[in-house]
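Undergrad: Right, I'll just put the structure down here and ask away after.
The values are calculated or read from the model by the stated rules, or taken from the named source; none is laboratory data. This structure is a prediction, so every number in the text was calculated from the model and none was measured. Ideal geometry is used to build each Cβ from the backbone, glycine not excepted, and the neighbour counts take in all protein chains shown.
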Amino acid sequence: MIKKLAAVLAIIVGITNIGGIFAPESAYAAAAPEIIAEAGILIDGTTGQILYTKNENATLEPASTTKMITCLLAIENLEMDHVVTIDDETPFTEGSRIYLLEDEQITVENLLYALMLESANDAAVALAKEISGSTEAFAVKMNERAKELGATSTNFVNPNGLHTEGHLSTVHDLAMIAKGCMENETFRTLCSTYYHYIPATNKQDERHMYNTNRLLYDEKTLVPVNGVSVPAKYEGAVGIKTGYTSHAGGCLVAGAERDGTFLIAVVMKSTDAGRFGDSIALFDYGFASYHTVKAADITDDMGRASVKRGAVADVGLELAESAYVTLPIEASSSVLSTKLVLEEERTAPIKKGDELGRLEIYEGESNLLTTVSVLAKEEVGEGTLLSVFGIENHTAYIIYIVAGVIVTLMLALTIAYIVLKRRQIRRRRERRAKRAMEIAKQRLEREKDITKRDWRF
């Protein structure tokens, strides 16, 4: 039944399996959006599946969307309550800023809010220098971390995205960076915040900051969406980062979540208003066409697997994480099937968390969508000599005890037998000696009797 359903679904939906993901084109999908931006992409923020692309590999200036990676590195390398003292160069940073002053003392947390809400270039420089000592050294960290997140065509030169020769990225890379960043709860909170208050510092009065991402709040500003003007505020918007320079044009990395489906849209080289309208068009298309389905839960019972030469004969299995897939909007989890694939040889010792195989998740029974690692649920130590025969340690110990008792009894019986035998031999010798003495005595009596008779005659 599943095979037939999968076949029908594949025909109707027109799904193609490229690298384990659906192609953006689907019979279930709404009409593809029209975006102003030179490049754009829409992905499932949970699975990473690409749902729409336009010039996804074109290298363009990312402007202040750069600050995503700056923010993530600051979260990973600094404590939120750490106090940063501003140097004499940072206050002269160009572009959008919160006008930091020399020797001003401000916490990392407040610098991060300034970075993500006000898009403060001076806050980016302050954080970069606090982490690496210079913006140049920090750029090295930025590129390393970006590659770890899947950004393969990105080159960051500065921490804020100001126009600099060679400072380039792609919508695909920014989407990958955004996906990784949004997995960090602190980052998610920062980029989704509309308003933040910075108390007075040793150099300045209190500051009030508002997020530049109109998708979060702006019901009055109208933006173009597929040729129609609509309010910029978008239901379910959750960040992420705006960007704009005269060279880069309007850039936006945006996130939105509805009914358990989290989407990330990236547009580059759009207009100021167009970047918001483009993102809305992409989101509308994505939510109308696809949804995220949990295919396997981390709490699912994965059973047990046999172990060679282990203290026990098998080991419990568990998933490394829950597994999610992106399906066309009209498809349900009923079209999914799973296959547990384990290593051929599982020999003790095994540590808790060792990867022992994978769970493959299919649409139907043949279209592989994704995989998730299967791990050892507990530790399995090396077994005794009997483990070669598949005998567990606790059973082996019982066998050893029983064998020990049997050997002891046999030894005891052997000793008892030897003692008994020796007693029997000694008694036999004693009886023989006694008999010999009786015979000798009888002979003596006979000889005395003969002597008496001879004397009488």
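Residues checked against (1) surrounded by fewer than 17 Cβ atoms within 10 Å (Cβ to Cβ); (2) over 29 Å from the mean Cα position of the chain (by Cα); (3) within 25 Å of Asp173 (Cβ to Cβ):
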position: Glu79; (1), (2), (3): yes, no, no
position: Val83; (1), (2), (3): yes, yes, no
position: Asp87; (1), (2), (3): yes, yes, no
position: Thr90; (1), (2), (3): no, yes, no
position: Ile106; (1), (2), (3): no, yes, no
position: Ile131; (1), (2), (3): no, no, yes
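Undergrad: How about region 226-238: which of its residues are of a type outside the set (Gly, Ala, Ser) and touching a residue at least 60 places away in the same chain (Cβ under 8 Å)?
TA: Asn226
Undergrad: Quick one: Gly180 ticks every box in (1) surrounded by fewer than 21 Cβ atoms within 10 Å (Cβ to Cβ); (2) assigned to a loop (DSSP other than H, G, I, E, B) bar one, so which box is it?
TA: (2)
Undergrad: Would you mind telling me which numbered condition in (1) surrounded by 21 or more Cβ atoms within 10 Å (Cβ to Cβ); (2) outside any loop (DSSP other than H, G, I, E, B); (3) not aliphatic (A, V, I, L, M) Gly161 fails?
TA: Of (1) surrounded by 21 or more Cβ atoms within 10 Å (Cβ to Cβ); (2) outside any loop (DSSP other than H, G, I, E, B); (3) not aliphatic (A, V, I, L, M), only one is false for Gly161: (2).
Undergrad: Write out, first by first residue and then by second, each pair whose Cβ atoms fall under 7 Å of each other, whose residues are 6+ apart or on separate chains, and whose first residue, in region 208-219, is closer than 18 Å to Gly250 by Cα and assigned by TED's automatic domain parsing to the domain that holds Gly250 while the second is surrounded by fewer than 20 Cβ atoms within 10 Å (Cβ to Cβ) and β-branched (Val, Ile, Thr).
TA: These pairs meet every condition: Asn211/Thr193; Arg214/Thr221.
Undergrad: Under 7 Å between Cβ atoms, at least 6 apart or on separate chains: pull out the pairs that start in region 32-58 with a residue that is farther than 21 Å from Val223 by Cα and end on any residue that is of a type in the set (Phe, Trp, Tyr) and part of a loop (DSSP other than H, G, I, E, B).
TA: Pairs that qualify, where the first residue is farther than 21 Å from Val223 by Cα and the partner is of a type in the set (Phe, Trp, Tyr) and part of a loop (DSSP other than H, G, I, E, B), are Gln49/Phe22.
Undergrad: For region 206-215, state whether one or more residues are surrounded by fewer than 21 Cβ atoms within 10 Å (Cβ to Cβ) and either more than 29 Å from Leu101 (Cα to Cα) or within 22 Å of the chain's Cα centre (by Cα) (or both).
TA: no
Undergrad: Something else: Go through region 117-132 and count every residue that is touching a strand residue (DSSP E or B) at 6+ places or on another chain (Cβ under 7 Å) and over 11 Å from Gly161 (Cα atoms). Write out each step before concluding.
TA: Residues of region 117-132 touching a strand residue (DSSP E or B) at 6+ places or on another chain (Cβ under 7 Å): 117-119, 126, 130.
Imposing the further condition that a residue be over 11 Å from Gly161 (Cα atoms) reduces the set to 117-118, 126, 130.
Result for region 117-132: 4.
Undergrad: Can you find a residue in region 55-75 that is touching a Cys at 6+ places or on another chain (Cβ under 7 Å), assigned to a loop (DSSP other than H, G, I, E, B) and modelled with pLDDT of 95 or more?
TA: yes
Undergrad: List every residue pair whose Cβ atoms lie under 6 Å apart, where the two residues are 6 or more positions apart in sequence or sit on different chains, the first residue falls within region 245-271 and is closer than 16 Å to Glu56 by Cα, and the second residue, located anywhere, is among the hydrophobic types (A, V, I, L, M, F, W, C) and surrounded by fewer than 21 Cβ atoms within 10 Å (Cβ to Cβ).
TA: Going by the 6 Å Cβ cut-off, the qualifying pairs are Met268/Leu60; Lys269/Leu60; Ser270/Ile36.
Undergrad: Val125 is checked against (1) free of Cβ contacts under 8 Å to residues at least 60 places away in the same chain; (2) among the β-branched types (Val, Ile, Thr); (3) touching a Leu at 6+ places or on another chain (Cβ under 8 Å); (4) crowded, with 23+ Cβ neighbours inside 10 Å and fails just one. What number does that condition carry?
TA: For Val125, the exception is condition (3).
Undergrad: Within region 306-363, track down each residue that is free of Cβ contacts under 8 Å to residues at least 12 places away in the same chain and exposed (fewer than 13 other Cβ atoms within 10 Å of the Cβ). Explain how you work it out, then say what you get.
TA: Of all residues in region 306-363, those free of Cβ contacts under 8 Å to residues at least 12 places away in the same chain come to 314, 344.
The one that is free of Cβ contacts under 8 Å to residues at least 12 places away in the same chain and exposed (fewer than 13 other Cβ atoms within 10 Å of the Cβ): Glu344.
Undergrad: Shifting gears a bit: What about Ala296, is it small (Gly, Ala, Ser), surrounded by 19 or more Cβ atoms within 10 Å (Cβ to Cβ) and in contact with a helix residue (DSSP H, G or I) (Cβ under 7 Å, 6 or more places away or on another chain)?
TA: No: the conditions fail for Ala296.
Undergrad: Only residues that are surrounded by 18 or more Cβ atoms within 10 Å (Cβ to Cβ) and out of contact with any Pro (no Cβ under 8 Å at 6 or more places or on another chain): list them for region 265-290, please.
TA: Within region 265-290, Ala265, Val266, Val267, Lys269, Ser270, Arg275, Phe276, Ser279, Ile280, Phe283, Gly286, Phe287 qualify.
Undergrad: OK, next. Tell me which residues, restricted to region 270-328, are at pLDDT 95 or above, of a type in the set (Gly, Ala, Ser) and more than 17 Å from Val374 (Cβ to Cβ).
TA: Residues satisfying the conditions are Ser270, Ala273, Gly274, Gly277, Ser279, Ala281, Gly286, Ala288, Ser289.
Undergrad: Regarding region 134-156, can at least one residue be identified that is touching a strand residue (DSSP E or B) at 6+ places or on another chain (Cβ under 9 Å), among the β-branched types (Val, Ile, Thr), closer than 23 Å to Thr212 by Cβ and part of a helix (DSSP H, G or I)?
TA: Looking through region 134-156, none of the residues is touching a strand residue (DSSP E or B) at 6+ places or on another chain (Cβ under 9 Å), among the β-branched types (Val, Ile, Thr), closer than 23 Å to Thr212 by Cβ and part of a helix (DSSP H, G or I).
Undergrad: Let me ask something additional. State yes or no: is Ala114 buried (at least 17 other Cβ atoms within 10 Å of the Cβ), more than 26 Å from the chain's Cα centre (by Cα) and assigned by TED's automatic domain parsing to the domain that holds Met80?
TA: The answer is yes for Ala114.
Undergrad: So, one more: Looking only at region 358-371, filter to residues that are within 18 Å of the chain's Cα centre (by Cα) and either among the hydroxyl-bearing types (Ser, Thr, Tyr) or modelled with pLDDT under 95 (or both); which one of those is farthest from Asp44 (Cα to Cα)? Before you say what the answer is, go through the steps one by one.
TA: We begin by selecting, within region 358-371, every residue within 18 Å of the chain's Cα centre (by Cα); these are 358-361, 369-371.
Going one step further and asking which of them are either among the hydroxyl-bearing types (Ser, Thr, Tyr) or modelled with pLDDT under 95 (or both), we end up with 369-371.
Values: Leu369: 14, Thr370: 14, Thr371: 16 Å.
Applying the filter and picking the extreme gives Thr371.
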